[in-house]
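The values are calculated or read from the model by the stated rules, or taken from the named source; none is laboratory data. On a predicted model such as this, the values are computed, not experimentally measured, just so you know. As a convention, Cβ positions derive from the backbone with ideal geometry for all residues, glycine included, and neighbour counts pool all protein chains shown. Just so you know, the surface numbers come from the protein's heavy atoms only, side chains and all, with ligands and any DNA or RNA stripped out. Shrake-Rupley method; radii C 1.70, N 1.55, O 1.52, S 1.80 Å.
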Amino acid sequence: MTMFSEIPPGWQPDNASRAPLVLVNAVAFSKGSKPPPDQWTHFAKLRPVPWKLFTGFLAIALVCVWGIVNIFVQYPDTWSDNLFFIGAMALGAGFFGWAVIKSVLSYPVRAGWPSLHGLGIGESGIALRLGGGDSDIPWEAVTSVRATVTNELSDDKAHIPVLRIEHSGTAVDFNTQILGASPVVVYRALLYYWLNPASREELGTTVAQQRMDGWVAQIQ
């Protein structure tokens, strides 16, 4: 199996990170977050939401608010005739407004230590530290590691490149643009250590870190 096997064309976009994973100690995590189960973990933190995407969310939210205000201003006596449009604009303003708030809140926890969102790889398994909750996945519970896209079976929906980890009847997707380490290297590391149990004892050491850093050098 080669390093790039089963990776769809364009899966790692031009703006994806090219950085390596970082070898960190469990004490580096704040007391307010759950430390990874392994003393040393190779960690890929999540990047904050890109400013271009944040600007897009904000622009759409403002347009929706402007549309609602404009109806009340121009049609003060007949605004009830446009309830459907008002409702649609209100939903848009709420959805994209919440996306703006979540984007802003993501910066402190994704931009620096000690409280981070991201994915860690250790001898015992995979540590997920995400906004929706922390979880630790033993290697034995992992059923699939894939470089794929969302809505892969549909031709009429957006196909977003994601790193997908399937375990215990569920799946976790990581958009390749928000991973703070090279998606190809994170994918390769997960796949390699999942398929090679005998090599897991090197995880948490400089041996594994040098192996992963070598993969980074190959894709620069």
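Check Ile160, Ile137, Ile126 and return the single one that is at pLDDT 95 or above and closer than 16 Å to Pro183 by Cα.
Ile126
Please determine, by comparing only the residues of region 24-38 that are under 17 Å from Leu130 (Cβ atoms) and assigned to a loop (DSSP other than H, G, I, E, B), which one is modelled with the highest pLDDT.
Pro37
For region 182-199, check the following and say yes or no: at least one residue is within 17 Å of Gly122 (Cβ to Cβ) and not assigned by the TED database to the domain that holds Trp40.
Within region 182-199, not a single residue is within 17 Å of Gly122 (Cβ to Cβ) and not assigned by the TED database to the domain that holds Trp40.
Just to be sure I understand, how many residues within region 84-95 are open to solvent by less than 100 Å² (accessible area, probe 1.4 Å) and either modelled with pLDDT under 80 or among the aliphatic types (A, V, I, L, M) (or both)?
Adding up the residues that qualify gives 5.
Looking only at region 183-220, count every residue that is among the charged types (D, E, K, R), open to solvent by less than 70 Å² (accessible area, probe 1.4 Å) and closer than 13 Å to Thr41 by Cα and tell me the total.
The total comes to 2.
Mind counting the residues in region 180-209 that are aromatic (Phe, Trp, Tyr) and either closer than 14 Å to Asp38 by Cβ or outside any helix (DSSP H, G or I) (or both)?
Of the residues in region 180-209, 1 are aromatic (Phe, Trp, Tyr) and either closer than 14 Å to Asp38 by Cβ or outside any helix (DSSP H, G or I) (or both).
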